[in-house]
Amino acid sequence: MAEQFYQDAYQTCLSTRVLRHDDAGLALEDTLCYPLGGGQPGDTATLTAADGSTLRIVDTRRDRESRVILHQTEGEARLPPGTEVTLELDWERRYRHMRIHTGLHLLGVVIKTGVTGGNMTAESGRLDFDVPEDMELDKEHIERELNRLVAADLPVTISMTSGEALKAQPELIRTMSVTPPLHLPEIRLIEIAGVDLQPCGGTHVARTGEVGRMRVKKIENKGARNKRVVVELVD
């Protein structure tokens, strides 16, 4: 299966074929749909067959054992293997995920401490930070610095490294709760020019200016050192 979202996160439509469709989900030869992972939700989409019939894809997951991407469809209809279909992404939802995910990387730039967790929706995102006692999180300062980095319109680029190379650069791994798959020969890196470089499998915008203005919605205590920062898009 070709996972086109890794090559071009902006592609919205794809012609492909059904590999199988059963109670576990729908597997396609190629897909645009990002599967749930790394705090980013699975994509939703519409599938159209040659006869004009449609199926709603309501979620996308990756099978833990086979690693095959399985699209969860609405209703009882099943498509036979070989069926030619057109896959159209719910672009507005995906694009908001891309904006928020990149914005969370910027949040990690502003708050310079370890990340213990994170999640996002199409409306907001949050990161949990391991905050030392002598470190204060100021809502206005965080918001101001976030929007300064957005306004700088920095390019966001993708490169690849190996698990072995990443082991030699542990400072690039910001997340304390989840370790990248260091056994793999290739690991994807996301770089925000001049400010951030870290392993990440999610989808991102091409420049920070696309994120748009962000607001710090709230800062919560989640433990003695654990602070949760929730951000949202203004528009």
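Per residue of the chain, what 222 nm ellipticity follows from adding -39500 (n - 2.57) for every DSSP H run with n ≥ 4, rounded to the nearest 500?
Dividing the helical sum by the residues of the chain leaves -5500 deg cm²/dmol.
Divide the volume of the convex hull of the Cα atoms of the chain by its number of residues and quote the answer in cubic angstrom per residue.
In the chain, the Cα hull volume divided by residue count equals 134 Å³.
Under 8 Å for C-alpha pairs, at least 6 residues apart: give me the relative contact order for the chain, rounded to a whole percent.
Here the relative contact order equals 19 percent.
Taking the longest Cα principal axis of the chain as reference, the axis of helix 139-151 is set at about 60 degrees. In loop segments of segment 25-77 as defined by DSSP, the trypsin sites (Lys or Arg not before Pro) with at most 16 further C-beta atoms inside 10 Å of their C-beta are R64, R67. Looking only at segment 95-122, which residues have a backbone nitrogen under 20 Å from a spot 7 Å from the Cα of R188 in the C-beta direction? Only 95-109, 117-122 fall inside the zone, counting backbone N under 20 Å. Counting charges near I142 (Lys, Arg +1; Asp, Glu -1) among other residues having Cβ under 15 Å from its Cβ returns a value of +3.
With the Kirkwood sum run over all distinct C-alpha pairs, segment 44-169 has a hydrodynamic radius of 18.5 Å. The Rg/Rh ratio for segment 2-89 is 0.93, where Rg is the radius of gyration of the alpha carbons and Rh is the Kirkwood radius. For segment 72-120, the set of trypsin sites (Lys or Arg not before Pro) satisfying both a DSSP loop assignment and a count of at most 10 other C-beta atoms within 10 Å is given as K112. What residue among G52, G209, G114 shows peak mean-square fluctuation when the chain is described by a Gaussian network model with Cα springs under 10 Å? The residue that fluctuates most here is G52.
Across the chain, how many lysine pairs separated by 8 or more positions, or lying on different chains, have Cα atoms within less than 25 Å? Counting lysine pairs in the chain gives 12. How far, in degrees from 0 to 90, does helix 91-110 lean away from the longest principal axis of the Cα atoms of the chain, to the nearest 10? Rounded to the nearest ten degrees, it is 20.
The GNM of the chain, with springs linking C-alpha atoms under 10 angstrom apart, assigns the highest mean-square fluctuation among L14, L127, L107 to L14.
T121 contributes an accessible area of around 60 Å² to the protein surface, as traced by a 1.4 Å probe with all chains present. Of R225, R126, R17, the residue with the greatest mean-square motion in the GNM of the chain, using alpha carbon springs below 10 Å, is R225.
The values are calculated or read from the model by the stated rules, or taken from the named source; none is laboratory data. Treat the numbers as computed from the prediction; the structure is a model and nothing was measured. Glycine also receives a Cβ, built like all others from the backbone with ideal geometry; neighbour counts cover every protein chain displayed. Calculation scope for accessible area: heavy atoms of the full protein, side chains included, ligands and nucleic acids excluded. Shrake-Rupley method; radii C 1.70, N 1.55, O 1.52, S 1.80 Å.
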